[in-house]
Amino acid sequence: MRSVITIAAIATLICSVSIANAGSADVFLFIDAGTVETKIEGLDVRLGGELTDKDQTERDFMRRPRFRISCQDGGRQLLFIDTADDLDPWPDLKSDASMDADAKLVSQTGAFEPLATRLRAYRVNDLLTLAVDITGRAAEIVQTWAQGLPIKLTSSPGNALSNLNLVVFPGENNARFRTEVSTAAKACALLSGS
C-alpha cells in the first residue's frame, strides 16, 4: 500500500510541477538506497549517498550526482546536492562564480513545515553544488525520506537564471536504508540539543 501511495505522490508531483513551472529548471533525483551511509566522526554526523535520475543514467563515478547532510556540533545543519553535467539546473553559472539566493525547502506531503532558507550555488570540478542551510530540520528531512516521501527545494535566483524546482525522492525503502537514516536523524537531533 505504501508503494502505491508513493507512486501516486510522484505522479501527481511531476504533473503539477510540469504544468505550474513552465520555463523553470525542474530536476527530479532519486536516492540510490544501496549507497546511503551515515558517518559519525567526533562531533560531526554525515549522511550521504548517490543520486540518480528517473532514467537511471549511467555516469562516470566522479560525475555522479550525490547528496550529503552534515550535522555539526552547535546545531548547524547543511544539505549539499552535487548535480551531474546533464542535470545542471544553472549551466550558465560560471565555474569561478558562486551565487547566494533565497530558497524554500518543503515536504511534498506536509510532513514538516516549509523552511525559508538560503542556498549557495558553486562549482567543484565544473559540477554544480547546491549548499542549503537546513539547521533544525535535518531529522525531519531524513525521517520524511524514511517514510518514502520526497522533499522539494525551490529558488528564484534572478540574474537570468531559471527558477529552481529540485525534488529528491527516497530510494528503495529497505531495512538498511531506514537504519542509516534513522541513525543520522538521532545523531543530528542529539547534536542540535533537541
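For this structure, a couple of remarks:
- Net charge contributed by nearby residues that have their C-beta within less than 11 Å of THR154 (K/R +1, D/E -1): 0
- Residue among GLN147, GLN77, GLN56 with the largest mean-square fluctuation in a Gaussian network model of the chain, springs linking Cα atoms under 10 Å: GLN56
- Probe 1.4 Å, protein heavy atoms only - accessible area per residue of the chain in square angstrom: 50
- Dipole magnitude for the range 31-126: computed about the Cα centre from +1 point charges on Lys and Arg Cβ and -1 point charges on Asp and Glu Cβ, it is near 300 debye.
- Per atom type, the range 53-161 shows carbon and sulfur on 44% of its accessible surface, probed at 1.4 Å.
- Cβ-defined net charge surrounding GLN77, 10 Å radius [Lys, Arg +1; Asp, Glu -1]: +1
- Amide H contacts under 5 Å for GLY171, placed H, 5+ residues apart: ILE31, ALA33
- Summed side-chain charge close to LEU47 - residues other than LEU47 whose Cβ falls under 14 Å, Lys, Arg +1, Asp, Glu -1: +1
- The chain: calculated mean residue ellipticity at 222 nm from DSSP helix runs of at least 4, using -39500 (n - 2.57): -8000 deg cm²/dmol
- Alpha-carbon spread of the range 135-194, three principal axes, descending order, Å: 42, 30, 12
- Just so you know, the averaged projected area of the alpha carbon convex hull for the range 62-194 sits at 8.3 nm².
- Sparse packing (at most 12 other Cβ atoms within 10 Å of the Cβ) combined with a DSSP loop state is found for the following GluC sites (Glu not before Pro) in the range 22-109: GLU58.
The values are calculated or read from the model by the stated rules, or taken from the named source; none is laboratory data. Nothing here was measured: the structure is a model prediction, and the numbers come from that model. Every residue, glycine as well, gets a Cβ built from its backbone with ideal geometry; the counts of neighbours run over all protein chains shown. In case anyone asks, the SASA skips ligands and DNA or RNA and just uses the protein heavy atoms, side chains included. Shrake-Rupley method; radii C 1.70, N 1.55, O 1.52, S 1.80 Å.
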